[in-house]
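Okay, so here's the structure we're looking at.
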Amino acid sequence: MSQPRLMQGNEACVEGALEAGLQFFAGYPITPSTEIAEMLAERLPRAGGVFIQMEDEIASMAAVIGASLAGMRAMTATSGPGFSLKQENLGYAALTETPCVVVNVQRVGPSTGMPTSPAQGDVMQSRWGTHGDHPVVVLSPSSVMETYVLTAKAFAVADELRVPVILLTDEITGHMRERVVLPDPGTLPRPHRPLEGAAPPDIPPMVHFGEGRRVLVTGLYRDSTGFWSESPEEADRLVRRLAGKVESRQEQLTMVDRWHLDDAQVVVVAYGCVARSAQRAMRLARERGHRVGMLRLACLWPFPGHEIEALAERADRIVVPEMNLGQMVGEVERAVRGRCKVIGYSRVDTELIRPEELLPVLEGV
Amino acid sequence: MEEMRFLRREHLPHIWCVGCGHGIVLGAVIRAMDRAGVDQDRTVVVSGIGCSSRAVGYLNMDALHTTHGRALAFATGVKLARPDLRVAVLAGDGDLAAIGGNHLIHAARRNIGITTVCFNNGIYGMTSGQYSPLTPAGYRTTTSPFGHLERDFDLCRLVQAAGATYVARSTVYHVHQTVTYVERALAHDGFSFVEVFSPCPTYFGRHNRMGDPVTMMKWLHDSAVQAGQAARMTPEELRGRVVLGEFHRTTEVPEYARSYREMIARLAEGGDQGAR
Ligand SMILES: Cc1ncc(C[n+]2csc(CCOP(=O)(O)OP(=O)(O)O)c2C)c(N)n1
């Protein structure tokens with residue numbers, strides 16, 4: 001085992017990415033994500049990889065896709081305004097099935113707001129930010145150690161399913177320092193892209209530029225040969241297959257922590273930095289004799305609706321605290337379908353939700 | 001006819017209108033590729049969105065048809081990941097000079113080894129005839145119905161000032177000249193840029209009383225001036241004329257992707273150890 005280290009969330013992201021085999025990073029500076037770019041500017045060329053600071057976030061996203069199609073494992077990192085700028089090309093990655101990882105260290109919005117305070121306002125943007133129906137996987141860590149693990153996982157999922165994966169972290173998780181013990185180098189399974197003969201039926205094998213295959217990659221709808229197509233049947237087949245690729249693997253992609261759900265009358269559902277406060281609030285409430293449990297989400301999209309449905313059968317109340325005006329709570333309500341009470345708890349004053357303020361909500365006072 | 005191997009002939013006919021110059025530009029590109037000895041298994045052509053950007057779909061090699069304006073940013077990722085591959089961008093004037101203008105000047109500034117051919121029809125063809133940054137003042141488009149008030153870019157001067165190391169301009173009327181310039185651009189090690197005037201009778205022509213292809217061709221012929229001749233003309237005489245020629249060619253600036261590889265090699269040898 002490696003030695004314990006004091007590490008920042010953004011630093012753990014860099015370590016996780018390098019351990020997963022990151023070879024290419026393109027970005028544009030924006031707080032609170034910049035440490036990722038700065039560290040990779042130094043680490044990547046030393047490891048034989050490529051770092052480039054592009055002229056903006058649109059270009060960064062484009063360069064990442066280009067590098068990925070040319071065979072490199074590629075990533076970009078940004079925050080709020082920059083994440084908005086990446087959306088069009090994120091859709092391009094989804095349509096062209098180009099593996100890549102996009103880190104969004106969330107800050108407040110809309111616009112510049114009160115830079116660079118924390119928020120969780122990009123939950124829906126991470127799912128629906130680009131136009132059109134599209135597949136996407138969104139992972140959200142709650143600790144420094146988990147930032148490491150989920151960054152590496154993001155590459156594994158991106159490669160395996162040929163989708164863009166978003167690591168949705170936040171200013172608190174990104175800048176917080178915690179003691180971590182990283183696994184020994186080389187112990188994580190290496191990500192791999194589906195190759196000819198070994199690809200599942202719904203994911204085409206990956207062919208890279210320069211292999212003599214003369215591939216056409218296009219953002220237009222395409223037929224089975226890969227050439228652009230205006231056939232309604234082909235369009236329907238493509239859009240459904242792309243969405244189905246992720247939907248049909250929902251269980252495999254479910255990443256949750258379940259705490260005290262067996263006896264819970266009240267369940268708190270939380271993710272990201274807020275999950276830490278929520279966990280503490282749950283403990284305090286239990287010490288005071290309340291049957292409170294918690295479901296922590298590490299994979300936000302695809303949304304683990306089946307987990308929520310199971311809760312709705314047993315619990316009286318589900319509480320969803322978020323640093324936004326209520327984005328995930330709507331998704332929880334959709335899964336609950338009126339079978340129990342769903343209560344949102346919002347904070348948008350740039351301050352982290354504290355355990356003490358959640359306590360009365362959990363205890364139903 | 002050797003150059004025909006560069007086309008995906010099964011996907012012809014192309015989408016371009018009768019009288020459109022884009023097919024002539026594509027024809028010049030494949031002849032230039034043939035002459036420059038391009039290996040079609042080691043070349044990636046990249047484009048944006050527009051009538052012109054469809055060109056890469058007809059090329060029988062790795063092709064990346066991207067989003068509007070972003071071809072050069074995608075191509076930068078490809079070139080940095082695989083500096084051993086030849087990378088070329090084929091796109092329209094709107095794509096490269098309006099929405100993609102920032103990527104154009106930055107690619108030029110880096111002197112990254114990408115050959116860019118700008119299909120300049122002075123208009124947005126794909127969206128049916130709005131003005132572009134290359135629409136000359138006074139001309140009519142669907143969004144300048146009373147005559148265009150803005151001045152057009154001199155794209156070659158812009159790209160040269162930004163740092164491009166090979167810069168030339170031609171037209172589809174001057175097709176041999178175009179082939180020569182594209183061939184030299186392909187052979188150039190660094191950011192090379194060729195602007196090719198390409199007529200759009202359907203939109204540009206129709207709105208400016210040049211609706212038939214022959215009139216537009218004649219217009220290209222009549223407005224073109226070779227650089228040598230232009231040097232002897234007054235600004236008055238040059239008004240409304242298009243200067244053709246090779247404006248800039250230098251091998252003194254290092255190509256960016258190679259510089260990056262050299263830095264990696266230096267670091268691997270333990271260079272820059274003390275630097276922090
Ligand atoms: C982000 C975005 N904005 C606008 C468009 C619509 N659009 C498609 S092509 C085009 C301009 C095409 O003009 P040009 O690049 O000069 O190429 P041409 O069609 O004339 O060859 C526009 C505005 C788009 N596809 N994407």
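Taking amide H as placed 1.01 Å from N in the peptide plane, the amide H of residue A:100 sits under 5 Å from that of A:163, A:165, each at least 5 places away or on another chain.
Largest first, the three principal axis extents of the alpha carbons in the stretch A:5-180 are 39, 38, 28 Å in whole numbers.
For the stretch A:255-363, the Kirkwood estimate of hydrodynamic radius, built from reciprocal distances between every pair of different alpha carbons, is 13.4 Å.
Were the residues from residue A:354 through residue A:111 laid out at 0.36 nm apart, the gain over their Cα-Cα distance would be 84.9 nm. In order along the stretch B:19-27, the phi-based Karplus estimate (6.51 cos²θ - 1.76 cosθ + 1.60, θ = phi - 60°) of 3J(HN,Hα) comes to x, 5, x, 4, x, 5, 4, 4, x Hz; Gly and Pro are listed as x. When only Cα pairs below 8 angstrom with a gap of at least 6 residues are kept, the stretch A:255-365 shows a relative contact order of 33 percent. The H on the amide N of residue A:78, modeled in the peptide plane, is under 5 Å from the matching H of A:103, A:104, A:105, each at least 5 residues off or on a different chain. Which of the listed residues, B:124, A:219, A:335, is farthest toward the dipole's positive end in the protein assembly as shown, when Lys, Arg count +1 and Asp, Glu count -1 at the beta-carbon? Projecting each Cα onto the dipole axis, the largest value belongs to B:124. Only helices enter the 222 nm calculation for chain A: every DSSP H run of n ≥ 4 contributes -39,500 (n - 2.57), and dividing by all residues gives -12500 deg cm²/dmol, rounded to 500. If you wrap the stretch A:164-318 in the convex hull of its Cα atoms and look at it from every side, the mean projected area works out to 14.4 nm².
Using R0 = 22 Å, the C-beta based FRET efficiency linking residue A:341 and residue A:124 works out to 0.45. Sites listed here are trypsin sites (Lys or Arg not before Pro) in the stretch B:185-218 whose DSSP assignment is loop and whose Cβ has at most 10 other Cβ atoms within 10 Å: B:209. Modelled spin-label separation between residue A:223 and residue A:252, with each label point placed 7 Å from Cα along the Cα-to-Cβ direction: 3.0 nm. For the stretch A:5-180, DSSP calls about 15 percent of its internal beta bridges antiparallel. Our summary of shape: the Cα atoms of the stretch B:202-276 have principal axis extents of 67, 34, 19 Å, ordered from largest down, in whole angstrom. Computed on the Cα atoms alone, the convex hull of the stretch A:302-350 gives a volume of 63 cubic angstrom per residue.
What angle, in degrees between 0 and 90 and rounded to the nearest 10, separates the Cα long axis of helix B:71-81 from the longest principal axis of the Cα atoms of chain B? Helix B:71-81 sits roughly 20 degrees off the main axis of chain B.
Length gained on full extension, residue A:233 to residue A:178, computed as 0.36 nm times the residue gap minus the Cα-Cα distance: 14.6 nm. The Cα trace of the stretch B:2-268 gives Rg and Dmax of 17.8, 63 Å, the first to one decimal, the second as a whole number. Roughly how tilted is helix B:213-223, in degrees to the nearest 10 and between 0 and 90, from the longest Cα axis of chain B? The helix B:213-223 is inclined about 70 degrees to chain B. When chain B is treated as a Gaussian network with alpha carbon springs shorter than 10 Å, the biggest mean-square fluctuation among B:223, B:170, B:132 belongs to B:223. Amide hydrogen proximity for residue B:65: with H placed 1.01 Å from N in the peptide plane, the residues at 5 or more positions away or on another chain lying under 5 Å are A:217, A:218, A:219, B:47. Among the trypsin sites (Lys or Arg not before Pro) in the stretch A:230-319, those located in a DSSP loop and surrounded by at most 14 other Cβ atoms within 10 Å of their own Cβ are A:288. Computed with the Debye formula from one identical point scatterer per Cα of the stretch B:124-233, without solvent, the log10 of I(q)/I(0) at q = 0.15, 0.20, 0.21, 0.22 Å⁻¹ comes to -0.76, -1.19, -1.25, -1.29.
Each of residue A:265 and residue B:150 was given a label point 7 Å from its Cα along the Cα-to-Cβ line. The distance between the two points is 6.6 nm.
Averaging the Cα positions of each part gives two centres, and for the stretch A:75-144 and the stretch A:242-294 these lie 23 Å apart.
The mean sequence distance of close C-alpha pairs (under 8 Å, at least 6 residues apart), as a share of the length of chain B, puts its relative contact order at 18 percent. Over chain B, dividing the summed -39,500 (n - 2.57) contributions of all DSSP H runs of at least 4 residues by the number of residues returns a 222 nm mean residue ellipticity of -9500 deg cm²/dmol. For residue B:157 and residue A:325, the FRET efficiency from 1/(1 + (r/R0)^6), where r spans their Cβ atoms and R0 equals 45 Å, is about 0.35. Computed 3J(HN,Hα) for the stretch B:225-242, one whole-Hz value per residue from the Karplus formula 6.51 cos²θ - 1.76 cosθ + 1.60 where θ = phi - 60°, is 9, 6, 3, x, 5, 4, 4, 9, 9, 7, x, 4, 5, 8, 4, x, 9, 10, glycine and proline marked x. Take each residue in B:78-90, count the other chain C-beta atoms within 10 Å of its C-beta, and the mean is 5.
Contact order, relative form, for the stretch A:23-171: 24 percent (alpha carbon pairs under 8 Å, 6 or more residues apart, mean separation divided by residue count). For the Cα trace of the protein assembly as shown, dividing Rg by the Kirkwood Rh returns an Rg/Rh value of 1.04. Shown here for the stretch B:96-160: trypsin sites (Lys or Arg not before Pro) in loop regions (DSSP other than H, G, I, E, B) with at most 13 other Cβ atoms within 10 Å, namely B:151. All Cα-Cα distances of the stretch A:1-95, cut into 10 Å bins from zero to the largest, leave 17, 49, 28, 6, 0 percent in each bin in turn.
Using the Karplus relation 6.51 cos²θ - 1.76 cosθ + 1.60 with θ = phi - 60°, the per-residue 3J(HN,Hα) values for the stretch B:60-68 come to 8, 6, 4, 9, 10, 9, 9, 9, 4 Hz, with x marking Gly and Pro.
Peptide A:47-58 shows a mean partner chain C-beta count of 5 within 10 Å per residue C-beta. Let me confirm the definition first: pairs of Lys residues in the protein assembly as shown, 8 or more apart or on different chains, C-alpha distance under 24 Å. How many are there? Final tally of qualifying lysine pairs is 4. Just the number, please: percent antiparallel of the DSSP beta bridges in the stretch B:2-268, rounded to the nearest 5. Of those bridges, close to 20 percent are antiparallel. At a Förster distance of 51 Å, what's the computed FRET efficiency of residue B:236 paired with residue B:268, Cβ-Cβ distance as r, to 0.05? Rounded to the nearest 0.05, the efficiency is 0.30. Taking label positions 7 Å along the Cα-Cβ direction at both residue A:196 and residue B:226, the computed distance is 5.0 nm, reported to one decimal.
The length gained on full extension between residue B:142 and residue B:102, counted as 0.36 nm times the residue separation minus their Cα-Cα distance, comes to 11.9 nm.
A short reminder: the numbers here are calculations on the coordinates, not readings from a lab. These numbers come from a predicted model, not from an experiment. Using ideal geometry, Cβ is built from the backbone for each residue, glycine included, and neighbour counts are taken over all protein chains shown.
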